[in-house]
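Worksheet for the structure shown next.
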Amino acid sequence: FATVGEMRDSYDKRRKFVLHSLKEIGLDCFEPQGAFYAFPSVKSTGMNADEFANALLQEQKVAVVPGNAFGTFGQNNVRISYATSMNALSEAFSRTAAFLSKNK
(Lines give C-alpha, C1' and ligand atoms only; values in the text may rest on other atoms or scores of the structure.)
Protein backbone atom coordinates (compact mmCIF):
# COMPACT_ATOMS: atom_id res chain seq x y z
CA PHE A 1 0.00 0.00 0.00
CA ALA A 2 1.10 3.56 -0.68
CA THR A 3 1.76 5.92 2.18
CA VAL A 4 -0.15 9.18 2.48
CA GLY A 5 2.97 11.06 1.36
CA GLU A 6 3.36 8.86 -1.71
CA MET A 7 -0.29 9.38 -2.61
CA ARG A 8 0.01 13.16 -2.15
CA ASP A 9 3.11 13.22 -4.37
CA SER A 10 1.37 11.13 -7.01
CA TYR A 11 -1.65 13.45 -7.15
CA ASP A 12 0.61 16.49 -7.24
CA LYS A 13 2.48 15.00 -10.21
CA ARG A 14 -0.82 14.43 -12.02
CA ARG A 15 -2.05 17.93 -11.14
CA LYS A 16 1.10 19.45 -12.62
CA PHE A 17 0.78 17.25 -15.72
CA VAL A 18 -2.85 18.34 -16.23
CA LEU A 19 -2.01 22.04 -15.84
CA HIS A 20 0.93 21.74 -18.23
CA SER A 21 -1.17 19.81 -20.75
CA LEU A 22 -4.01 22.33 -20.59
CA LYS A 23 -1.56 25.15 -21.24
CA GLU A 24 -0.05 23.26 -24.18
CA ILE A 25 -3.43 22.77 -25.84
CA GLY A 26 -4.46 26.37 -25.21
CA LEU A 27 -7.06 26.09 -22.44
CA ASP A 28 -6.78 28.53 -19.53
CA CYS A 29 -7.08 27.07 -16.05
CA PHE A 30 -6.59 28.26 -12.49
CA GLU A 31 -4.33 26.01 -10.46
CA PRO A 32 -6.40 23.58 -8.35
CA GLN A 33 -5.52 23.75 -4.68
CA GLY A 34 -7.46 21.05 -2.88
CA ALA A 35 -9.40 18.58 -4.98
CA PHE A 36 -8.57 16.13 -7.76
CA TYR A 37 -10.17 18.27 -10.47
CA ALA A 38 -9.16 20.99 -12.90
CA PHE A 39 -11.77 23.47 -14.16
CA PRO A 40 -10.44 24.93 -17.44
CA SER A 41 -12.23 27.49 -19.54
CA VAL A 42 -13.33 26.34 -23.00
CA LYS A 43 -14.50 29.81 -24.03
CA SER A 44 -11.61 30.13 -26.51
CA THR A 45 -13.07 27.23 -28.51
CA GLY A 46 -16.26 29.15 -29.31
CA MET A 47 -18.28 26.41 -27.59
CA ASN A 48 -20.05 26.50 -24.27
CA ALA A 49 -19.39 23.78 -21.71
CA ASP A 50 -22.23 21.50 -22.87
CA GLU A 51 -21.26 21.76 -26.53
CA PHE A 52 -17.59 21.12 -25.76
CA ALA A 53 -18.25 18.15 -23.46
CA ASN A 54 -20.70 16.53 -25.86
CA ALA A 55 -18.51 16.99 -28.93
CA LEU A 56 -15.36 15.77 -27.14
CA LEU A 57 -17.20 12.66 -25.97
CA GLN A 58 -18.71 11.94 -29.40
CA GLU A 59 -15.57 12.62 -31.45
CA GLN A 60 -12.78 11.41 -29.15
CA LYS A 61 -14.49 9.35 -26.42
CA VAL A 62 -13.10 11.63 -23.70
CA ALA A 63 -15.51 12.43 -20.88
CA VAL A 64 -15.47 15.76 -19.05
CA VAL A 65 -18.27 17.29 -16.99
CA PRO A 66 -19.82 20.54 -18.23
CA GLY A 67 -19.11 23.27 -15.70
CA ASN A 68 -22.69 24.52 -15.63
CA ALA A 69 -23.48 21.39 -13.60
CA PHE A 70 -21.78 23.30 -10.76
CA GLY A 71 -23.64 26.57 -11.26
CA THR A 72 -24.06 29.29 -13.85
CA PHE A 73 -20.50 30.57 -13.30
CA GLY A 74 -19.23 27.38 -14.96
CA GLN A 75 -21.03 27.70 -18.27
CA ASN A 76 -17.72 28.21 -20.10
CA ASN A 77 -15.73 25.62 -18.13
CA VAL A 78 -15.44 21.85 -17.91
CA ARG A 79 -14.37 19.72 -14.97
CA ILE A 80 -11.54 17.26 -15.51
CA SER A 81 -10.68 14.65 -12.92
CA TYR A 82 -7.05 13.71 -12.46
CA ALA A 83 -7.85 10.90 -10.03
CA THR A 84 -6.80 8.37 -12.66
CA SER A 85 -3.58 6.94 -14.08
CA MET A 86 -0.96 8.99 -15.89
CA ASN A 87 -1.46 6.74 -18.91
CA ALA A 88 -5.17 7.56 -19.01
CA LEU A 89 -4.46 11.29 -18.58
CA SER A 90 -1.85 11.24 -21.32
CA GLU A 91 -4.21 9.48 -23.72
CA ALA A 92 -7.07 11.84 -22.85
CA PHE A 93 -4.94 14.92 -23.54
CA SER A 94 -3.65 13.46 -26.79
CA ARG A 95 -7.24 12.95 -27.91
CA THR A 96 -8.29 16.38 -26.65
CA ALA A 97 -5.45 18.01 -28.58
CA ALA A 98 -6.63 16.23 -31.74
CA PHE A 99 -10.19 17.39 -31.04
CA LEU A 100 -9.09 21.00 -30.58
CA SER A 101 -6.94 21.03 -33.72
CA LYS A 102 -9.98 19.92 -35.70
CA ASN A 103 -12.51 22.20 -33.98
CA LYS A 104 -10.74 25.56 -33.58
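The values are calculated or read from the model by the stated rules, or taken from the named source; none is laboratory data. It should be emphasised that the depicted structure is a prediction, and the values quoted were computed from it without experimental measurement. A quick note on method: Cβ atoms are made from the backbone with ideal geometry, for glycine too, and the neighbour counts reach across all protein chains shown. Surface areas here come from the heavy atoms of the whole protein model, side chains and all, with no ligands, DNA or RNA. Shrake-Rupley method; radii C 1.70, N 1.55, O 1.52, S 1.80 Å.
For the reader, a short list of remarks on this structure follows.
- DSSP-assigned coil residues among chymotrypsin sites (Phe, Trp or Tyr not before Pro) in the range 9-40, each with at most 13 further Cβ atoms within 10 Å: PHE30
- Accessible-area ranking of THR3, THR72, THR45, largest first, probe 1.4 Å: THR72, THR3, THR45
- The Kirkwood hydrodynamic radius of the chain, based on inverse pair distances between different Cα atoms, is 14.0 Å.
- Radius, Kirkwood style, for the range 46-86 when every pair of distinct Cα atoms is counted (Å): 10.5 Å
- Column: log10 I(q)/I(0), Debye, Cα scatterers of the range 21-63, q = 0.18 Å⁻¹: -0.58
- Accessible surface of the range 1-95, 1.4 Å probe, proportion on carbon and sulfur as whole %: 53 percent
- Distances between placed amide hydrogens fall under 5 Å for ARG79 paired with VAL65, GLY67, all partners being 5 or more residues away or on another chain.
- For the chain, the solvent-accessible area of protein heavy atoms averages 63 Å² per residue (probe radius 1.4 Å; ligands and nucleic acids excluded).
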